[in-house]
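Working notes, beginning with the structure itself.
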Amino acid sequence: MIDIPLYVHVPFCRHICFYCDFCHSFYKRENALRWLEAFKREFKEKAIKSAKTIYIGGGTPTALDDDILEELLIILSSVYTKGNEYTIEINPETFSENKAKLLKKYHINRASIGLISSNDEELKSLGRGHTFSDVIKTVELLKKYDIDNYSLDILYSYPDQTLDTFKKTIADALNLEPKHLSLYSLTIEENTVFYKKGIEPFNEDIEADYYEYALKTFEDHGFYQYEVSNFAQKGYESKHNLIYWHYEDFLGLSMGASSKMGHKRYDNTRSLDEYENGNYIKTVYDLSKRDEMFEMIMMSLRLKEGLSIKRFDDHFKTDIFKEYNKTLPKLLSEGSVYIEDDHLKVKDLEILNTILIEFLD
Ligand code: SF4
């Protein structure tokens, strides 16, 4: 495979946060070593020649012991092309000077840091294993090793948070001089501590107040919104994530990763035993043309730039107005979507889900 966007999932965490249901398990060195051996086999079988982008996510990539992380980075450096975007997710709980050195040595040029909140009491009530001072240290280390393209993740709509603590988190985040910010509202998933405790996020009106405050403040500080939850200084958008939103193919490696190749989507196993046995893929979905059309619309409308109508028509060898001959005139006439520079755009991204329902058959 040449020039493939590559995602690598590290399925371990040192703490399990109360709101999270990503594929992860408590970090144990012996399991991480078993995982690494299996990963080497999967990587070899895929015969990747070069990666367009690399994104190491999780779980917590930085939960790995330094020697295991280094082995992983050595493997991935064989497909890295100089100048391409290469991102790693960092949990400040598990970052150190040695890890910063490793990132620099193996060409990682972008980091996504889980800030979440700058209020230590809130971090504790979310089950996070770090404090705000750990975030500050993480940023200082990245800067020391010339990795100045970093993003900060911020969460809102959880118990104990107030508009004042949220405003303080936003201000503290901006003081850390990020190039990119991601803002997520809490969703309660099954199999999480919050779900079991019956915790609920804020109601929609309160969430909207928080979201609008963040939007305005980010804009006032030179960040533009390019996706529902993502904000960047010009030129610092996540190239890897744009591949998802543009509905291009990508390869996901390791337990819990997904891939999209051609007309198929693949979900990898979440079981270490199965992964070790070489049963990497758990489910294969055959995507119908109609599925793919909906998915492209769903992903691209998340972007401020919207869906390129030419791209849609060329990709599916059709005319979007023919395919959605009732939905599109309806949405256009009520003003919830509009067309600009041959792109279909959503007027208010806060009501995106309501609009997407209209595209379902
Ligand atoms: S939020 Fe991140 S660090 Fe926390 S449990 Fe989930 S994957 Fe692990």
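The values are calculated or read from the model by the stated rules, or taken from the named source; none is laboratory data. Worth saying up front: this structure is predicted, and the values here are computed from it rather than measured. As a convention, Cβ positions derive from the backbone with ideal geometry for all residues, glycine included, and neighbour counts pool all protein chains shown. We work out accessible area using only protein heavy atoms, side chains counted, and drop any ligands, DNA or RNA first. Shrake-Rupley method; radii C 1.70, N 1.55, O 1.52, S 1.80 Å.
The order of 209, 66 by accessible area, most exposed first and with a 1.4 Å probe, is 209, 66.
Note on the stretch 1-139: semi-axes of the ellipsoid equivalent to its C-alpha gyration tensor, largest first and rounded to whole Å, are 26, 17, 13. Excluding same-chain neighbours fewer than eight residues apart, the aspartates and glutamates reachable from residue 317 by a Cα-Cα span under 14 Å are 292. If only the Cβ of Lys and Arg carry +1 and only the Cβ of Asp and Glu carry -1, the dipole of the stretch 206-361 around its Cα centre is close to 360 debye.
Summed over qualifying helices (DSSP H, 4 residues or more, each -39500 (n - 2.57)) and divided by its residue number, the chain shows a 222 nm mean residue ellipticity of -11500 deg cm²/dmol. Kindly write out, for the stretch 295-307 in residue order, the coupling ³J(HN,Hα) from the Karplus curve 6.51 cos²θ - 1.76 cosθ + 1.60 (θ = phi - 60°), rounded to whole Hz, with x marking Gly and Pro. The phi angles translate into 5, 5, 5, 4, 6, 6, 6, 5, 7, 4, 5, x, 9 Hz.
For 130, 107, the ranking by accessible surface with the largest value first comes to 107, 130, using a 1.4 Å probe.
Taken over the chain, the ratio of Cα radius of gyration to 2.2 N^0.38 Å equals 1.00. Rounded to the nearest 20, the size of the Cβ-charge dipole of the chain about its Cα centre is 1160 debye, with Lys and Arg at +1 and Asp and Glu at -1. Over the stretch 300-361, the hull volume per residue, using the convex hull of the C-alpha atoms, is 79 Å³. Simple rule: put +1 on each Lys or Arg Cβ and -1 on each Asp or Glu Cβ in the stretch 4-244, find the dipole, and look at 210, 198, 27; the Cα lying farthest toward the positive end is 27.
Annotation: residue 304 carries an accessible surface of approximately 100 Å², with a 1.4 Å probe and no ligand, DNA or RNA atoms counted. When the stretch 4-244 is described by a simple charge dipole with +1 on each Lys and Arg Cβ and -1 on each Asp and Glu Cβ, the residue from 108, 131, 118 located farthest towards its positive end is 108. For the chain, modelled as a Gaussian network with Cα springs under 10 Å, which listed residue fluctuates most, 110, 270, 34? Result for the chain, Cα springs under 10 Å: 34 fluctuates most.
Ordering 244, 353, 81 by the projection of their Cα atoms onto the charge dipole of the chain, which places +1 on the Cβ of Lys and Arg and -1 on the Cβ of Asp and Glu, puts 81 at the extreme positive end.
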